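Report on the structure given below.
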Amino acid sequence: MNAAVSDALKIEEYRIQDEPYYEPLGDEVAVFEAAWRNQLPVLLKGPTGCGKTRFMEYMSWRLDRPMITVSCHDDLTASDLVGRYLVKGGETVWVDGPLTRAVRAGSLCYLDEIVEARKDTTVVIHPLCDDRRLLPIDKLGEVVPAPPEFSLTVSYNPGYQSVLKDMKQSTRQRFVALEFGYPPAELEARVVMKESGVDQAVADRLVQIGHMTRNLKDNGLDEGASTRLLVNAGKLMRTSVPEASACHSAIAEALTDDPDMLAAIRELIASVY
Ligand code: ADP
């Protein structure tokens, strides 16, 4: 099998076959689709666990494009994204990184929490994010043009913003930005029911607890409970963990280690049960 055929087969593994369950919060589906058709990169802003990854899975299915996701971290370098030479069986071979594979295959590339990555990564994404749409691969002396189907999406949590980790204007002004937040109560309860299998009354109580913890943001908590945590608590309940105990493990302990804060959240939970 030649390398191009084997790469094409591998990229198919990233195609999403079944429609992912996604409840739209607003017009994000239409805006993303329009950005993709106009070859504009997209920035998803919002706290963790509020549906950004699920939205991307849904868009990947809807646009029928494979999606390559990279979770960025503070050791992630440009080479991790673009590729590197590796020694295999005594031979030195070039191996494309996930960004290069996505560009060559015309797929969606989702860089989750981009501000966590090292600064040199911005050097490789900049020329991809303006009308040039080029990926320079210095080590190969090659510049790969992105096909029209390729799209770059990055996510960023403004809540974790710090002077060091803020996104520079020269980077952020290249993107169409979509803001994600916690869904309105009714919609969030629907997500919790659908994702965990609990009934409406249980989902409503979970959403109520979620709201209470979100009111503690900046009063001892960095962030309130995300939809993800409410879904996790619902899943424990469906597997016969008592409701208060499920909330304690899936929500309170997941949010904080601070004993006073834990006691406060325990009281909030007790006020609902
Ligand atoms: P993020 O990428 O923003 O950290 P995720 O997309 O992983 O968050 O969302 C966490 C979980 O919350 C999902 O696995 C899903 O169960 C649920 N969820 C959140 N928002 C939605 C939504 N709008 N539609 C469907 N599920 C959602």
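The values are calculated or read from the model by the stated rules, or taken from the named source; none is laboratory data. Predicted model, so just to flag it, every value in this text is computed and none were measured. Ligands, DNA and RNA are excluded from the accessible area calculation, which covers all protein heavy atoms including side chains. Shrake-Rupley method; radii C 1.70, N 1.55, O 1.52, S 1.80 Å.
On a per residue basis, the chain carries 50 Å² of accessible surface, using protein heavy atoms and a 1.4 Å probe.
Compactness check for segment 83-149: Cα Rg over 2.2 N^0.38 Å is 1.19.
For the chain, evaluate the Debye formula with one uniform point scatterer on each Cα (no solvent term) and list log10 I(q)/I(0) at q = 0.08, 0.12, 0.13 Å⁻¹, rounded to two decimals. Scattering profile of the chain, log10 relative to I(0): -0.40, -0.82, -0.93. When you work out D = kT/(6 pi eta Rh) for segment 3-80 at 10 °C and 1.306 mPa s, using the Kirkwood radius from C-alpha pairs as Rh and the Stokes-Einstein form, the result is 110 µm²/s. Sequence-ordered 3J(HN,Hα) estimates for segment 13-22 from the Karplus curve with 6.51, -1.76 and 1.60 and θ = phi - 60° stand at 4, 8, 7, 8, 7, 9, 4, x, 6, 9 Hz, glycine and proline given as x. Taking amide H atoms as placed 1.01 Å from N in the peptide plane, the amide H of LEU111 lies under 5 Å from those of VAL70, THR153, VAL154, SER155, each 5 or more residues away in sequence or on another chain.
Tally up the carbon and sulfur contribution to the accessible surface of the chain as a whole percent, 1.4 Å probe, everything protein left in place. With neighbouring chains kept in place, the figure for the chain is 51 percent. The lysine pair count for the chain, using Cα distances under 16 Å and pairs eight or more places apart or on different chains, is 5. Using the rule -39500 (n - 2.57) for each DSSP H run of four or more residues, divided by the residues of the chain, the 222 nm mean residue ellipticity is -12000 deg cm²/dmol.
Using just the alpha carbons, could you tell me how many Å³ per residue the convex hull of segment 1-142 encloses?
Given the Cα convex hull of segment 1-142, per-residue volume reads 135 Å³.
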